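**Q** The following block contains the structure, expressed as structure tokens.
The values are calculated or read from the model by the stated rules, or taken from the named source; none is laboratory data. All values reported here derive from a predicted model rather than from experimental measurement. Here the Cβ is made from the backbone with ideal geometry for all residues, glycine too, and neighbour counts use every protein chain on show.
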Amino acid sequence: MENLKHLTKALAVLVVAVAAVAAQEATPTPGNGNAGMAVSGKPAGTDGQFNERYPRYKIRAGDQFDVVFDLSPEFNQTVTVQPDGFVAMRGVGDIHVADQSVPELTVTLKKAYGKILNDPIISVVLKDFEKPYFVADGQVGRPGKYDLRGNTTLVEAIAIAGGFTESSKHSQVLLFRRVDDQWMEAKIIDVKKMEKQGNLKEDPFLHPGDMLFVPKNSFSKISHFIPSYNMGTYFKPF
């Protein structure tokens with residue numbers, strides 16, 4: 001259910017992102033082919049989200065992990081993250097752990113258990129968690145949700161999703177990335193320019209949960225109207 005909520009929110013901001021694309025087309029600026037922008041007004045590019053190649057997995061609701069105490073095995077336990085992001089920990093009560101990486105979670109638990117144990121040695125091992133994925137939508141051969149295996153770039157993800165269609169706008173592929181529960185960052189990638197120049201240095205690596213959206217090109221928006229020279233007018237095919 002949490003994944004569906006995230007996807008629903010992501011789709012809800014597509015209209016905002018496409019509107020921003022249209023605005024950029026109307027007012028060209030230097031470097032417009034690979035520009036970052038923020039959805040819902042948050043400044044873009046302030047946290048380096050698109051530059052981080054090896055992001056750490058963040059704990060989510062429904063994840064399950066083992067907590068092992070090397071010197072106090074009586075506190076060893078397996079816990080499941082509740083929908084509100086909390087876990088009930090033996091001896092210290094409820095602790096909020098959602099959106100923390102495993103190293104961050106380990107520090108949080110050491111701090112909490114440090115109140116009842118002397119310098120506890122704690123290990124956290126993810127047991128059951130959401131498998132990494134990305135979503136491809138818009139003008140690609142096979143829109144859908146795909147497993148994210150290893151290092152995958154935007155161009156590679158497009159190929160996995162069936163490649164561009166004839167109506168794709170290669171120059172303004174949108175890459176959506178969630179910053180937190182309230183904000184989503186979007187970036188415009190000029191894949192056409194990269195492929196034409198044979199330079200994929202600016203081809204970003206995907207993060208788990210990323211969504212790419214390929215809009216229609218201008219020609220495809222009017223291609224339904226085909227000239228009929230015999231009739232001297234236009235008709236719209238069914």
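**Q** May I ask you to list pairs of residues, at least six apart or on different chains, whose Cβ atoms are under 9 Å apart, with the first in the range 167-195 being in the same structural domain as residue 215 (by TED's automatic domain parsing) and assigned to a loop (DSSP other than H, G, I, E, B) and the second being hydrophobic (A, V, I, L, M, F, W, C) and surrounded by fewer than 17 Cβ atoms within 10 Å (Cβ to Cβ)?
**A** Every condition considered, the pairs that remain are 167/219.
For (1) basic (Lys, Arg); (2) at positive phi; (3) buried (at least 18 other Cβ atoms within 10 Å of the Cβ), each residue gets a yes or a no:
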{"residue": "64", "(1), (2), (3)": "no, no, no"}
{"residue": "70", "(1), (2), (3)": "no, no, no"}
{"residue": "103", "(1), (2), (3)": "no, no, no"}
{"residue": "110", "(1), (2), (3)": "yes, no, no"}
{"residue": "124", "(1), (2), (3)": "no, no, yes"}
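**Q** If we keep just the residues of the range 72-101 that are of a type in the set (Val, Ile, Thr), out of contact with any Asp or Glu (no Cβ under 8 Å at 6 or more places or on another chain) and in contact (Cβ under 8 Å) with a residue 24 or more places away in the chain, which is surrounded by the most Cβ atoms within 10 Å (Cβ to Cβ)?
**A** Checking each candidate, the answer is 97.
**Q** Next question. If we scan the range 131-150, do we find a residue that is of a type in the set (Lys, Arg), in a loop (DSSP other than H, G, I, E, B), surrounded by fewer than 19 Cβ atoms within 10 Å (Cβ to Cβ) and at pLDDT 90 or above?
**A** From the range 131-150, those of a type in the set (Lys, Arg) are 131, 142, 145, 149; that's our starting set.
With the extra rule that they be in a loop (DSSP other than H, G, I, E, B), the set shrinks to 131, 142, 149.
Still in the list and also surrounded by fewer than 19 Cβ atoms within 10 Å (Cβ to Cβ): 131, 142, 149.
Among the residues that remain, those that are also at pLDDT 90 or above are: 142.
Yes, because at least one residue in the range 131-150 is of a type in the set (Lys, Arg), in a loop (DSSP other than H, G, I, E, B), surrounded by fewer than 19 Cβ atoms within 10 Å (Cβ to Cβ) and at pLDDT 90 or above.
**Q** Only one residue in 210, 180 is out of contact with any helix residue (DSSP H, G or I) (no Cβ under 7 Å at 6 or more places or on another chain), under 30 Å from residue 99 (Cβ atoms) and modelled with pLDDT of 90 or more, so which one is that?
**A** None of the other options fit; the residue is 210.
**Q** Right, next: Answer yes if at least one residue in the range 221-237 is β-branched (Val, Ile, Thr) and either touching a Ser or Thr at 6+ places or on another chain (Cβ under 6 Å) or at pLDDT 90 or above (or both), and no otherwise.
**A** No: the range 221-237 contains no residue that is β-branched (Val, Ile, Thr) and either touching a Ser or Thr at 6+ places or on another chain (Cβ under 6 Å) or at pLDDT 90 or above (or both).
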